[in-house]
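The values are calculated or read from the model by the stated rules, or taken from the named source; none is laboratory data. Values in this document were obtained by computation on a predicted structure and should not be read as measured data. With ideal geometry, Cβ positions are generated from the backbone for all residues, glycine too; neighbour counts draw on all protein chains shown.
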Amino acid sequence: MAKKFDVTQAQKLDAADRMAWNNPHDIVSAVNVPAGARVAEIGCGTGWFTFEIEKAVRPRGMVYALDMQPAMLQILRARRDSWERILTLPCGENDFELDDGEVDVVFHANVLHECNEPEKHLHEVHRVLKEGGRAIIIEWHWADEESQPGPPNTQRLEVDTVRGLLEGAGFSIDKVEDVGPYHYAVQAVKQ
(Lines give C-alpha, C1' and ligand atoms only; values in the text may rest on other atoms or scores of the structure.)
Protein backbone atom coordinates (compact mmCIF):
# COMPACT_ATOMS: atom_id res chain seq x y z
CA MET A 1 0.00 0.00 0.00
CA ALA A 2 1.36 3.43 -0.97
CA LYS A 3 2.21 5.71 1.91
CA LYS A 4 0.13 8.90 2.13
CA PHE A 5 1.55 12.15 3.44
CA ASP A 6 1.06 12.40 7.21
CA VAL A 7 -1.25 15.34 7.89
CA THR A 8 0.39 15.86 11.29
CA GLN A 9 3.47 16.96 9.32
CA ALA A 10 1.53 19.60 7.34
CA GLN A 11 3.79 22.41 8.56
CA LYS A 12 6.62 20.86 6.52
CA LEU A 13 4.61 21.54 3.36
CA ASP A 14 4.88 25.27 3.99
CA ALA A 15 8.48 25.44 5.24
CA ALA A 16 10.32 28.51 3.93
CA ASP A 17 13.43 26.51 2.94
CA ARG A 18 11.27 24.57 0.50
CA MET A 19 11.04 27.71 -1.65
CA ALA A 20 14.66 27.23 -2.77
CA TRP A 21 14.04 23.82 -4.35
CA ASN A 22 10.26 23.66 -4.95
CA ASN A 23 9.28 27.22 -5.84
CA PRO A 24 5.57 27.27 -6.74
CA HIS A 25 5.85 30.38 -8.94
CA ASP A 26 8.71 28.94 -10.97
CA ILE A 27 7.08 25.53 -11.39
CA VAL A 28 3.61 26.84 -12.32
CA SER A 29 5.27 29.22 -14.82
CA ALA A 30 7.38 26.41 -16.28
CA VAL A 31 4.37 24.21 -17.05
CA ASN A 32 2.39 27.07 -18.64
CA VAL A 33 -0.94 26.98 -16.83
CA PRO A 34 -3.03 29.21 -19.12
CA ALA A 35 -5.13 32.24 -18.15
CA GLY A 36 -8.84 31.45 -18.10
CA ALA A 37 -8.32 27.72 -17.52
CA ARG A 38 -10.38 25.57 -15.20
CA VAL A 39 -7.74 23.64 -13.25
CA ALA A 40 -8.21 20.68 -10.93
CA GLU A 41 -5.31 20.49 -8.50
CA ILE A 42 -5.34 16.93 -7.19
CA GLY A 43 -3.71 16.51 -3.79
CA CYS A 44 -3.60 20.25 -3.08
CA GLY A 45 -2.49 19.76 0.51
CA THR A 46 -2.20 23.07 2.34
CA GLY A 47 -2.09 25.08 -0.88
CA TRP A 48 1.62 25.24 -1.74
CA PHE A 49 0.81 25.44 -5.48
CA THR A 50 -2.86 26.48 -5.27
CA PHE A 51 -2.37 30.22 -4.97
CA GLU A 52 0.15 30.35 -7.82
CA ILE A 53 -2.22 28.38 -10.02
CA GLU A 54 -5.00 30.83 -9.12
CA LYS A 55 -2.79 33.76 -10.16
CA ALA A 56 -2.02 32.03 -13.47
CA VAL A 57 -5.69 31.43 -14.38
CA ARG A 58 -6.85 34.98 -13.67
CA PRO A 59 -9.02 36.81 -14.53
CA ARG A 60 -11.67 34.25 -15.50
CA GLY A 61 -10.25 30.83 -14.63
CA MET A 62 -11.03 28.62 -11.65
CA VAL A 63 -9.02 26.31 -9.40
CA TYR A 64 -10.69 23.24 -7.95
CA ALA A 65 -8.42 22.28 -5.05
CA LEU A 66 -9.02 18.62 -4.19
CA ASP A 67 -7.56 16.54 -1.37
CA MET A 68 -8.41 13.27 0.36
CA GLN A 69 -7.52 14.60 3.79
CA PRO A 70 -10.13 16.95 5.31
CA ALA A 71 -7.49 18.51 7.60
CA MET A 72 -5.49 19.67 4.55
CA LEU A 73 -8.57 21.28 3.01
CA GLN A 74 -9.34 22.96 6.33
CA ILE A 75 -5.85 24.53 6.41
CA LEU A 76 -6.24 25.69 2.82
CA ARG A 77 -9.72 27.15 3.46
CA ALA A 78 -8.34 29.16 6.40
CA ARG A 79 -5.76 30.78 4.07
CA ARG A 80 -8.13 31.38 1.18
CA ASP A 81 -9.78 34.56 2.55
CA SER A 82 -10.03 36.82 -0.50
CA TRP A 83 -9.19 34.25 -3.16
CA GLU A 84 -12.48 34.01 -5.07
CA ARG A 85 -11.29 31.62 -7.76
CA ILE A 86 -10.41 28.70 -5.47
CA LEU A 87 -12.99 26.06 -4.61
CA THR A 88 -11.95 23.31 -2.19
CA LEU A 89 -13.43 19.85 -2.71
CA PRO A 90 -12.95 16.53 -0.93
CA CYS A 91 -12.00 13.58 -3.11
CA GLY A 92 -11.18 9.92 -2.99
CA GLU A 93 -7.99 8.58 -4.49
CA ASN A 94 -9.84 7.45 -7.62
CA ASP A 95 -13.02 9.53 -7.34
CA PHE A 96 -13.09 13.30 -7.92
CA GLU A 97 -16.21 15.38 -7.38
CA LEU A 98 -16.05 16.80 -10.90
CA ASP A 99 -18.13 16.16 -14.00
CA ASP A 100 -16.85 14.42 -17.11
CA GLY A 101 -14.76 16.85 -19.16
CA GLU A 102 -15.15 19.64 -16.59
CA VAL A 103 -11.58 20.93 -16.49
CA ASP A 104 -8.95 22.12 -18.95
CA VAL A 105 -5.94 21.11 -16.86
CA VAL A 106 -5.25 18.65 -14.06
CA PHE A 107 -2.26 19.76 -11.98
CA HIS A 108 -0.80 16.95 -9.95
CA ALA A 109 2.32 17.61 -7.83
CA ASN A 110 4.04 15.02 -5.64
CA VAL A 111 0.94 12.82 -5.49
CA LEU A 112 1.12 9.97 -8.01
CA HIS A 113 3.76 8.09 -6.01
CA GLU A 114 1.26 7.98 -3.10
CA CYS A 115 -1.48 6.30 -5.14
CA ASN A 116 -2.32 2.67 -4.40
CA GLU A 117 -3.84 2.22 -7.86
CA PRO A 118 -2.13 4.74 -10.15
CA GLU A 119 -3.80 3.26 -13.26
CA LYS A 120 -7.31 3.83 -11.86
CA HIS A 121 -6.28 7.23 -10.55
CA LEU A 122 -5.09 8.39 -13.97
CA HIS A 123 -8.27 7.07 -15.63
CA GLU A 124 -10.17 9.39 -13.27
CA VAL A 125 -7.85 12.25 -14.26
CA HIS A 126 -8.67 11.42 -17.89
CA ARG A 127 -12.42 11.41 -17.15
CA VAL A 128 -12.54 14.92 -15.66
CA LEU A 129 -10.42 16.49 -18.42
CA LYS A 130 -12.04 17.91 -21.54
CA GLU A 131 -10.94 16.52 -24.92
CA GLY A 132 -7.48 17.91 -25.63
CA GLY A 133 -7.06 18.85 -21.95
CA ARG A 134 -3.67 18.56 -20.26
CA ALA A 135 -2.50 16.49 -17.34
CA ILE A 136 0.56 17.93 -15.61
CA ILE A 137 2.24 15.33 -13.40
CA ILE A 138 5.10 16.55 -11.22
CA GLU A 139 7.09 13.91 -9.39
CA TRP A 140 10.40 13.37 -7.62
CA HIS A 141 13.58 12.42 -9.47
CA TRP A 142 15.46 9.45 -8.12
CA ALA A 143 17.45 10.71 -5.11
CA ASP A 144 21.24 10.57 -5.37
CA GLU A 145 21.74 10.85 -1.63
CA GLU A 146 19.81 10.43 1.58
CA SER A 147 20.03 14.14 2.44
CA GLN A 148 17.71 15.10 -0.44
CA PRO A 149 14.16 16.13 0.48
CA GLY A 150 11.19 13.97 -0.40
CA PRO A 151 10.18 10.36 -0.05
CA PRO A 152 12.66 7.47 -0.15
CA ASN A 153 13.60 6.07 -3.56
CA THR A 154 11.43 3.01 -2.91
CA GLN A 155 8.37 5.31 -3.20
CA ARG A 156 9.51 7.46 -6.15
CA LEU A 157 8.39 6.90 -9.74
CA GLU A 158 10.83 7.07 -12.62
CA VAL A 159 9.93 9.22 -15.62
CA ASP A 160 9.40 6.20 -17.89
CA THR A 161 6.99 4.68 -15.37
CA VAL A 162 4.89 7.86 -15.30
CA ARG A 163 4.94 8.06 -19.10
CA GLY A 164 3.72 4.46 -19.36
CA LEU A 165 0.96 5.00 -16.80
CA LEU A 166 -0.28 8.10 -18.63
CA GLU A 167 -0.21 6.41 -22.03
CA GLY A 168 -2.10 3.44 -20.54
CA ALA A 169 -4.80 5.84 -19.30
CA GLY A 170 -5.37 7.33 -22.77
CA PHE A 171 -2.94 10.23 -22.86
CA SER A 172 -0.26 11.16 -25.34
CA ILE A 173 2.94 12.60 -23.89
CA ASP A 174 3.53 16.19 -24.92
CA LYS A 175 6.56 17.24 -22.89
CA VAL A 176 8.93 15.99 -20.19
CA GLU A 177 11.19 18.46 -18.40
CA ASP A 178 13.00 19.11 -15.15
CA VAL A 179 11.29 21.61 -12.86
CA GLY A 180 13.72 22.47 -10.10
CA PRO A 181 16.60 20.37 -8.81
CA TYR A 182 14.54 17.44 -7.47
CA HIS A 183 11.46 17.24 -9.70
CA TYR A 184 10.37 16.49 -13.24
CA ALA A 185 7.12 17.33 -14.99
CA VAL A 186 5.37 15.13 -17.53
CA GLN A 187 2.73 16.95 -19.55
CA ALA A 188 0.23 14.81 -21.42
CA VAL A 189 -2.82 15.48 -23.58
CA LYS A 190 -6.15 13.66 -23.34
CA GLN A 191 -6.84 11.75 -26.54
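Quick rundown of the values:
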quantity: Sole exception among (1) closer than 26 Å to Pro59 by Cα; (2) buried (at least 20 other Cβ atoms within 10 Å of the Cβ) for Arg79, by number; calculated: (2)
quantity: Residue count for region 115-131, restricted to those that are of a type in the set (A, V, I, L, M), under 20 Å from Tyr184 (Cα atoms) and out of contact with any Leu (no Cβ under 8 Å at 6 or more places or on another chain); calculated: 1
quantity: Filter result (in a helix (DSSP H, G or I) and either in contact with a Cys (Cβ under 7 Å, 6 or more places away or on another chain) or not hydroxyl-bearing (Ser, Thr, Tyr) (or both)) within region 149-170; calculated: Asn153, Gln155, Val159, Asp160, Val162, Arg163, Gly164, Leu165, Leu166, Glu167, Gly168
quantity: Near pairs, Cβ below 9 angstrom, 6+ apart or cross-chain, from region 142-159 (among the polar types (S, T, N, Q)) to any residue that is part of a helix (DSSP H, G or I); calculated: Gln155/His113; Gln155/Glu114
quantity: Residue count, region 150-168 (criterion: loosely packed, with under 13 Cβ neighbours inside 10 Å and farther than 20 Å from Arg134 by Cα); calculated: 3
quantity: Some residue of region 76-98 being at pLDDT below 95, out of contact with any His (no Cβ under 8 Å at 6 or more places or on another chain), of a type outside the set (A, V, I, L, M, F, W, C) and closer than 20 Å to Asn32 by Cα; calculated: yes
quantity: Qualifying residues in region 169-191 (those that are touching a Gly at 6+ places or on another chain (Cβ under 7 Å) and either over 22 Å from Asn22 (Cβ atoms) or acidic (Asp, Glu) (or both)) - the one surrounded by the most Cβ atoms within 10 Å (Cβ to Cβ); calculated: Lys190
quantity: Filtered residue count, region 131-168, keeping only those that are farther than 19 Å from Asn23 by Cα, aliphatic (A, V, I, L, M) and in contact with a Pro (Cβ under 9 Å, 6 or more places away or on another chain); calculated: 3
quantity: Filter result for Ile173 (in a strand (DSSP E or B) and in contact (Cβ under 8 Å) with a residue 60 or more places away in the chain); calculated: no
quantity: Which numbered condition His108 misses (of (1) touching a residue at least 40 places away in the same chain (Cβ under 8 Å); (2) part of a helix (DSSP H, G or I)); calculated: (2)
quantity: Exclusive hit being at pLDDT 95 or above and either crowded, with 21+ Cβ neighbours inside 10 Å or touching a strand residue (DSSP E or B) at 6+ places or on another chain (Cβ under 7 Å) (or both), set Glu119, Glu131; calculated: Glu131
quantity: Glu145 more than 28 Å from Gly36 (Cβ to Cβ) and either loosely packed, with under 14 Cβ neighbours inside 10 Å or modelled with pLDDT of 95 or more (or both); calculated: yes
quantity: Residue count, region 115-135 (criterion: among the aliphatic types (A, V, I, L, M), in contact with a helix residue (DSSP H, G or I) (Cβ under 9 Å, 6 or more places away or on another chain) and not in a helix (DSSP H, G or I)); calculated: 1
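Yes/no per residue for (1) under 17 Å from Ala185 (Cα atoms); (2) part of a loop (DSSP other than H, G, I, E, B):
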{"position": "Thr46", "(1), (2)": "no, yes"}
{"position": "Glu52", "(1), (2)": "yes, no"}
{"position": "Ala65", "(1), (2)": "no, no"}
{"position": "Trp83", "(1), (2)": "no, yes"}
{"position": "Leu89", "(1), (2)": "no, no"}
{"position": "Asp100", "(1), (2)": "no, yes"}
{"position": "His113", "(1), (2)": "yes, no"}
